[in-house]
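Before I ask anything, let me first share the structure, which is written out below as structure tokens.
A short reminder: the numbers here are calculations on the coordinates, not readings from a lab. This one's a predicted model, so the numbers in the text were calculated from it and none came from an experiment. Counting neighbours? That spans all protein chains shown, and the Cβs are built from the backbone with ideal geometry, glycine included.
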Amino acid sequence: MATLDSGLKVLVLEDTQELAEILVETLRGMNLQAESKSHGRPALELYEQLQPDLMMLDIALPDMQGWKVLDAIKEKVHKNPDYKLPKVIVITAYGDPANRLMGKLQDVAEYLIKPFTPTEIEKVVTRVMGL
């Protein structure tokens, strides 16, 4: 794995605990600050505290759709100039054209279909963040 000293913060929103742990471990192995949540509402609270540079976003969550989380973050950014819109990597099992179109409309940086490897995660994050 590449070792990066970026100081970048990542919010992982993934409801499968094992995958969330792999994502966080991979990101921390890249010297990124990574925190995870499994539900949308707690993730929105953490977003305000963390102010992440990158968000890894699952679409299917227990309490709300990932797209709704992204809409809520965009609304927060619009209302508060101190907030920033993170780059978004969608991590999902949904590779259908409708969800891919939604990703384009939401201006996500990357759309990663499950399953994927830690090496793929590292490559995508490195590319998206310009590391």
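Arranged from highest to lowest average of other beta-carbon atoms within 10 Å per residue, in what order do the peptides 45-51, 114-120, 24-30 appear?
Result, highest mean first: 24-30, 45-51, 114-120.
Still on this structure, please answer the following. How big is the Cα convex hull of the chain in projection, averaged over all directions, in nm²?
For the Cα atoms of the chain, the hull's average projected area reads 7.3 nm².
Turning to a different aspect of this structure: Got a sec? Charge dipole of the chain, +1 on Cβ for Lys and Arg, -1 for Asp and Glu; which of Leu11, Gln33, Pro97 is way out at the positive end?
Looking along the dipole axis, the top candidate is Pro97.
To continue, here is another question. Given the -39500 (n - 2.57) contribution per DSSP H run of 4+ residues, what per-residue ellipticity at 222 nm results for the chain, rounded to the nearest 500 deg cm²/dmol?
The per-residue figure over the chain is -14000 deg cm²/dmol.
Using unit Cβ charges (K, R positive; D, E negative) and no other charged atoms, how large, in debye to the nearest 20, is the dipole of the chain about its Cα centre?
In debye, rounded to 20, the chain gives about 400.
Sticking with this one: Between Glu25 and Gln51, what length comes free when the chain is fully extended (0.36 nm per residue of separation minus the Cα-Cα distance, one decimal in nm)?
Between Glu25 and Gln51, full extension yields 7.4 nm more.
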